[in-house]
Structures are given as structure tokens and as C-alpha cells.
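What follows is a short report on a single structure.
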Amino acid sequence: MKIFKAKDYKDMSRKAANIISAQIIMKPGCVLGLATGSSPIGTYQQLIEWYEKGDLDFAEVKSVNLDEYKGLSRDNDQSYYYFMNHNLFKHVNINLDNTYIPDGTAKDSAAECDRYNKVIQSLGGVDLQLLGLGHNGHIGFNEPGQAFEKETHLVELAESTIEANSRLFENPDDVPRYAYTMGIKNIMQARKIVVIISGEEKAEIVKEAFFGPVTPQVPASILQMHNDVTIICDEAALSKVDFI
């Protein structure tokens, strides 16, 4: 596990974009595992900037997203399909047929989970998985629990996650209570993992997740067991770790 300290959010985003761009240049047809939320927006903006300069080509890239809210259609502005199009896909030359996100409107949740697992398998797995870190240690929507969930599954979101996401909805009651998410096994099978974390409010969970015991109560702690993980934190997120 490699840990890099960034000066601030912008520096963190640039460092993460550097790793992702290197992956694309080394393997133009790579499979990227992508994340949503506020953490990766700066990273995507940097990738777009380099694409516009002619430094990056997404023509052969394939992507699979970590998660999607259950019940939201693709045209809902809070869906992760909408997020990815707005924040990355429509700004670069990626083939939308090569981008994959769970279907939030699927009637049969079990069938949708099975379908998405097969999509990931058909692509040959993920070359580089980008992750953020939830306040309670969740990665994707893998919430704290008694065991590490293995593959794509439907999860009931923790109240802390719902509260954190409520700022994005006009009415807090509109926040979905369930979501599809890749499981820990899906994530851990990625060949390379990059985690980006910013803000003092994440400092305690950074310490627990990466310097504490490996436990399902802190889902991100499992990343300590992966052989190629890069953690990029700004100074505030590392403020409770005094030996970095």
C-alpha cells in the first residue's frame, strides 16, 4: 500500500489523474472502474483537460461504474449514469457502448446483480479501480456489516450515507434507500486500486481504515490486503496520522 500526501484537493485530483492517464497510455483498451460523488470530480476535470490538449485518447477505453441508486432512471439528474455523462463521458471520446453502469430501474434486483457481474467478467476484469471513502468506511456502497459482501448486490444504505448524500437532493426524503454496488470481491479483483480522500472530516476514518484492523465494520480496511493500492489524501485527511 502506497500513501501519498497531497497539498489540497486540486493536487490530490492531479495526482490521481496522473495514474489514470498513465494506465490509459500504457493500455489504450484498459478497463477503468469509476466512482461518483464529490471526490473524483476534480480528477475527471483534469482528465478532460488533458484530453482536450490531445494528451489522452479514450477511444478504446472501457469503464464499469461502482454503483447506482435503485429506482432512479438514467435521465434523473441524481443518477450516477447522469453524473458520469455530465462529469466525464460527454467531454471525451469514449464510446458510450463501452461504458457500463448498473440499471437502477431493473425490476428483478437479483437478475440485475447477476447481469452486472457477468459484464465485469466479460471485460476480463478491471485494470484500475478508482475509489472514494465514505465517512463510515464504505467503498462503493459496501456498508459496515458482519461480513465482506462478495459480488454485485443490492444494499440498504446506512443512515449516515443517506444523510451525507441528502445535500444533493432538493428534498432529503427523495434520497434513495437502496443501491446496487460492486462487492468487495469485485473491487479486490481489480489489478490496481487508487483511493482519493480529502477533508478533515475524513481524517478519523482514514486512520481506522488504513492503519487499524481489517474488519467488515470498516469495509475499506480490506484494501490493506490488496497488492497494488495507492492512497492519495490531502493534508487535512491525513491530519490524524502523524507518521506520514
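General observations
- Average accessible surface area per residue within the stretch 2-186, 1.4 Å rolling probe, Å²: 47
- Its alpha carbons considered, the chain gives a radius of gyration followed by a Dmax of 16.8, 49 Å.
- This model, with +1 at the C-beta of Lys and Arg and -1 at the C-beta of Asp and Glu, gives the stretch 126-244 a dipole about its Cα centre of some 500 debye.
- Bridge type composition, the stretch 27-145 - antiparallel percent by DSSP, nearest 5: 10
- For residue 15, the lysines whose Cα comes closer than 29 Å to its Cα, not counting residues fewer than 8 places off in the same chain, are 2, 5, 7, 27, 53, 62, 90, 185, 192, 202, 207, 240.
- Dipole of the stretch 2-186, positive end: most advanced residue of 98, 142, 31 [Cβ charges, Cα centre]: 31
- Extension gain, residue 178 to residue 95: 0.36 nm times the residue separation minus the Cα-Cα distance gives 27.0 nm.
- Shape category assigned to the stretch 38-77 from the gyration tensor of Cα positions, a/c cut at 1.5: prolate
- Dipole moment magnitude, nearest 20 debye, the chain about Cα centre, only Lys, Arg, Asp, Glu C-beta charged: 780
- Ellipticity estimate at 222 nm from DSSP helix runs (n ≥ 4, -39,500 (n - 2.57)) divided over the chain, nearest 500: -9000 deg cm²/dmol
- Carbon/sulfur fraction of accessible area - the stretch 1-153, other protein chains in place, 1.4 Å, %: 49
The values are calculated or read from the model by the stated rules, or taken from the named source; none is laboratory data. Predicted, not measured: the structure shown is a model, and the values here were computed from it. Here Cβ is always computed from backbone atoms with ideal geometry, including for glycine, and neighbour counts include all displayed protein chains. To get the accessible areas, we keep the full protein, side chains included, count just its heavy atoms, and leave off ligands, DNA and RNA. Shrake-Rupley method; radii C 1.70, N 1.55, O 1.52, S 1.80 Å.
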